[in-house]
Amino acid sequence: MRQIQHDLPVRCDGANKAGTKTAHVLLFAAYVLCALMQSVYVSQIPLSLVAASYLGLLMLALGEGHRLVMPCVAAVFMSTTFILISIESRLAELGVIKFAVGSSLFFFTLFALPKLIERHRATFSKAITLALWVLSVTFFLDYFGIASFKALGLVRLWSADGVTEIAVTNDPRTSGLFSEPSWFCLATISLLTANWSLGGLSPIPVLATVLAIVLSQSSTGVVGLLLLFAGVAGPSWLGGSRTNKSTTIVRRFIWALFFVGSLAVVALALEQRESLDDFSNSANNVLSKIYDPGSSSSGSTRLFSPLPVIEKVSENSFIFGLGASAINQTLSGKIGTAILPFNVFIELGLYGLLAYSAALLWPIWRFRPTRVQLMLCTLNLFTLGLPSSPFQSAMLALMLFRTRGYTSTNSFATAPKLDKSERSYTLLSRN
């Protein structure tokens, strides 16, 4: 009887801790999913903007309020300067204020999210895995016609006049909870990158995610997968670190890629395609866009359409650009650039480029990302141009985060070294 009375509090304590960890995983997963929901709106406000505020409240609830000082100061400073340099541009004040709020949340997320991941690495690894499951399942529901989120009106596009109420039908490719496939691919690749850095990937989420990216027919997704594959498998094959952990992760990734082709054929058969010619044509189209980006309408729009406007800005307003939100207010329909440096330069000039570059240098200096991570970050910057959305900064933060202390500068898969305090704790626990 005494033994039972002694064990009960211990068991209850363990159950409470397990429940707390599960709650934290769900809270973090909810944030990650909302941060990536740029195409899902609540009362004409994208969930990604709401998620930035949720991130601050989450850090306060976890006792991390002191870590919010630098992100808040940087965000307020940047947004204030953007308003000041846009006063003489004769743009609508409401548009300038919206841009300032969005850009402040962009910087806040870029500075705050890596700090939260660093403090709760194990929990975030599980939360990211859960988020990958949700994004993959919703993609396949859309792909097989079980639930089309575009047709339901859940996924919408943003226009200069507001959120379009009509379902997005201009892109026939599947994109799940996103308005276009490239956004889906960038989001899932950023999650894969972060989880590889945290060392928490399992083969089934990798398989589902890789298959979804391939079926999305996005050239951005294919390039991202190739870079990830180079970052994971390359160092092991080229004489890098060969720990058991790295070998296991490489094998998982290779097996995932090996099965993707056969599963894609099965998926196409289930969709009752007449033949595999459609799949072959889609593959050739994706490869041609990678080989020659200007051959597609999307690539030519991104690369060539903004060039005349950039030339005009360089001649007339090189330092401060046309003003915050100038693209939506004065250039909507004339350029469709999806390149962040182009958009920043057009609206904020050289000052804006320096401000955003300085913001990106902080996580690079803090976490020392690998070369592959930097290439993925560059892919993000040159395939998406949302300077006033925390959606893009959340993906950049996930791509640039890296557990410090890796023994190899080229591999995601190498286990991190323990610092002095962790080594002493491990020795004590063994004794």
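The values are calculated or read from the model by the stated rules, or taken from the named source; none is laboratory data. The structure displayed is predicted, hence computed values, not measured ones. As a convention, Cβ positions derive from the backbone with ideal geometry for all residues, glycine included, and neighbour counts pool all protein chains shown.
Of the helices (runs of 4 or more DSSP H) entirely within the stretch 347-431, those holding at least 1 residues that are under 15 Å from Ala194 (Cβ atoms), polar (S, T, N, Q) and at pLDDT 90 or above occupy 371-381, 390-400. Taken over the stretch 103-132, the criterion of being hydrophobic (A, V, I, L, M, F, W, C), over 22 Å from Cys72 (Cα atoms) and in contact with a helix residue (DSSP H, G or I) (Cβ under 6 Å, 6 or more places away or on another chain) is satisfied by Phe124, Ala127, Ile128, Leu130, Ala131, Leu132.
For the stretch 31-54, a residue qualifies if it is outside any helix (DSSP H, G or I) and closer than 17 Å to Ser136 by Cα, and the qualifying residues are Leu36, Met37, Gln38, Ser39, Val40.
Do we have Gly102 as surrounded by fewer than 18 Cβ atoms within 10 Å (Cβ to Cβ), out of contact with any Asp or Glu (no Cβ under 7 Å at 6 or more places or on another chain) and either in a helix (DSSP H, G or I) or at pLDDT below 85 (or both) here? Break it down stepwise before answering.
Working: surrounded by fewer than 18 Cβ atoms within 10 Å (Cβ to Cβ): no; out of contact with any Asp or Glu (no Cβ under 7 Å at 6 or more places or on another chain): yes; either in a helix (DSSP H, G or I) or at pLDDT below 85 (or both): yes.
No; evaluated as a whole, the condition is false for this residue.
Scanning for something in contact with a helix residue (DSSP H, G or I) (Cβ under 9 Å, 6 or more places away or on another chain), at pLDDT 80 or above, outside any loop (DSSP other than H, G, I, E, B) and at negative phi, does the stretch 164-178 turn up at least one residue? For the stretch 164-178, residues in contact with a helix residue (DSSP H, G or I) (Cβ under 9 Å, 6 or more places away or on another chain), at pLDDT 80 or above, outside any loop (DSSP other than H, G, I, E, B) and at negative phi: absent.
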